[in-house]
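Report on one structure; see the data block that follows.
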Amino acid sequence: MIGMRVGIIGGGIGGLLSGVKILGSVDADLYEEHVLVGYPKHCTGLISDEVLSHLGCGAKNYVLNAFREYTLIHSSRPNKELELKFRNTIYLVDRPSLERYLSDEFQCRGGMLHLGLKVTSIDLSETSLAVKGGLTKKYDVIIIAEGARATLTRASGMCGGRTYLVGLQALIRCRNVLESPYVIFGNDVSKEFFGWVVPVNERRLIFGLADRYVSYVRLNHLMKTYLTRMLEVNDLVVEEVFGGLIPTSTPCKQTLKNFVGIGDAVSVVKPLSGGGIYSISRQVRALEESLKANTPDNVLKKYRSKSSGLIKTLNVQHMLRKYIIRKFHSLSNFIMKLIDLEVDEVHILDYDRYLINPLNLNIKDALKILSTLLI
Ligand SMILES: Cc1cc2nc3c(=O)[nH]c(=O)nc-3n(C[C@H](O)[C@H](O)[C@H](O)COP(=O)(O)OP(=O)(O)OC[C@H]3O[C@@H](n4cnc5c(N)ncnc54)[C@H](O)[C@@H]3O)c2cc1C
């Protein structure tokens, strides 16, 4: 709706992408508490081709690497592997540079970017926000994209109690690098999630770990065990350590009055991989469509209907995760079971919707997996 004013809280990928995509049909101000976008860095940066193309042509300049398969390994089955092959290409992007690019785009298109300005509270009945220093500003619609801390979405009642995992990763310089990513399971690695190795370029990789509690000492120990001993990557030099929270709760309320929640602020992370950017891209596409409506009320109504498919998909993925954990006690035990069944290759139709589409297995392997899940 031309003339509508939108306030955006948070200059991470959710807030910036929303801003870039909605400018033109509305005017927008974006508030970011840090003086730089993209920092503190926390994300690995793996996205699908579908998400990359939604980010826009310029985003391709920030691609560091591309993959068509992952290898799953388990600490209790050192000589076995499970290959996951994707229908689409998975890209590794440089998140801080991508966010700088999006913030430039936002400003070029006429958006007002307020850096170093923290939003301290919101008023649901006035559709207003207050920033540090006391200034209050009213809008027609406010987007909350404040990330995993979710201070405002919790205070407003959009989100209830939330659960998290902590993700910690290291950018490592090394002598030899792997061809494609590895996902590492095992109780010594992570009780609740997994570890990962992602090649960045011919001299660098990211080694990461997510669990209820993680520490640099544990990351360092696992790095040596898995990179040096198991994957034979040598001469490791840690260049940078970074990480953050991964929300694991089911999606929160997506809208409240004239407020819309985007990204980690409303817990739309994929529960089996921890990836959040795909859901953000889907939410922003729903927002772009909805802002064509003629009143804020209709925008919100349209957004709820357009984003409901994503929320249903995420809820089904949460149910599957719960089912796997109830039956096998951990994700890691489930993967061990698959490895024991000697299913050594799984062709997944789609990286983003992995568990919603059927797995493209041959009949024998599909029956093996089904019988494990159902017995
Ligand atoms: C270790 C790790 C690895 C990950 N790897 C991947 C991956 O490979 N692929 C993937 O898809 N996802 C990944 N994710 C998830 C992904 O990073 C998040 O889903 C995504 O960054 C969420 O974006 P966002 O915009 O919602 O929040 P954020 O990126 O956290 O941005 C929120 C912004 O809001 C600002 N802010 C907060 N409060 C206020 C306030 N009151 N006023 C003003 N500004 C405020 C913050 O400073 C921040 O800049 C990973 C997460 C972690 C922790």
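What follows draws every value from the coordinates through simple rules; no lab data is involved. These figures come from a predicted structure and were not determined experimentally. Note: ideal-geometry Cβ built from the backbone for every residue, glycine included; neighbour counts use all protein chains shown.
Worth pointing out:
- For the pair Leu135 and Val241, label points projected 7 Å from Cα toward Cβ lie 3.8 nm apart.
- Between helix 95-108 and the chain: long-axis angle, C-alpha atoms, 0 to 90°, nearest 10: 20 degrees
- Excluding same-chain neighbours fewer than eight residues apart, the lysines reachable from Lys85 by a Cα-Cα span under 29 Å are Lys41, Lys60, Lys191, Lys224, Lys270, Lys312, Lys322, Lys327, Lys337, Lys364, Lys368.
- Annotation: amide H of Val260 within the under-5 Å range of Ile142, Ile143, Ile144, sequence separation 5 or more or interchain, hydrogens built in the peptide plane.
- Folded to 0 to 90 degrees: helix 363-374 orientation relative to the chain principal axis, Cα: 70 degrees
- Cβ-derived FRET efficiency at R0 22 Å, Arg5 paired with Lys118, nearest 0.05: 0.65
- Relative contact order %, segment 210-268, counting alpha carbon pairs below 8 Å whose residues are six or more apart: 23 percent
- Lys, Arg +1 and Asp, Glu -1 on Cβ, resulting dipole of the chain about Cα centre, debye, nearest 20: 920 debye
- Antiparallel %, DSSP beta bridges [both residues in the chain], to 5: 65 percent
- In loop segments of segment 132-171 as defined by DSSP, the trypsin sites (Lys or Arg not before Pro) with at most 14 further C-beta atoms inside 10 Å of their C-beta are Lys132.
- FRET efficiency estimate (nearest 0.05) - Cβ-Cβ, Lys292 to Ser125, R0 35 angstrom: 0.85
- In order along segment 25-42, the phi-based Karplus estimate (6.51 cos²θ - 1.76 cosθ + 1.60, θ = phi - 60°) of 3J(HN,Hα) comes to 8, 9, 9, 9, 10, 10, 10, 10, 5, 8, 7, 10, 8, x, 10, x, 6, 9 Hz; Gly and Pro are listed as x.
- Contour excess over end-to-end distance, with Cα ends at Arg109 and Val217 and 0.36 nm allotted per residue: 34.4 nm
- The charge dipole of segment 164-247, taken about its Cα centre with unit charges on the Cβ atoms of Lys, Arg (+1), Asp and Glu (-1) only, comes to about 140 debye.
- Length released on extending from Leu320 to Lys253, taking residue separation times 0.36 nm less the Cα-Cα span: 22.0 nm
- Considering only alpha-carbon pairs that sit under 8 angstrom and 6 or more positions apart, the relative contact order computed for segment 164-247 is 46 percent.
- Loop-located GluC sites (Glu not before Pro) in segment 55-135, at most 15 other Cβ atoms within 10 Å (DSSP): Glu81, Glu126
- Between 0 and 90°, nearest 10: helix 13-22 axis offset from the chain longest Cα axis: 50 degrees
- In a DSSP loop and with at most 15 other Cβ atoms within 10 Å, the GluC sites (Glu not before Pro) in segment 214-320 are Glu232.
- Cβ-based charge dipole, segment 164-247, positive-most Cα from Asn234, Val217, Val200: Val217
- Entry note, the chain: relative contact order of 20 percent, from Cα contacts under 8 Å with a spacing of 6+ residues.
- Calculated mean residue ellipticity, 222 nm, the chain: -9500 deg cm²/dmol, from DSSP H runs (n ≥ 4) at -39500 (n - 2.57) each, averaged per residue and rounded to 500.
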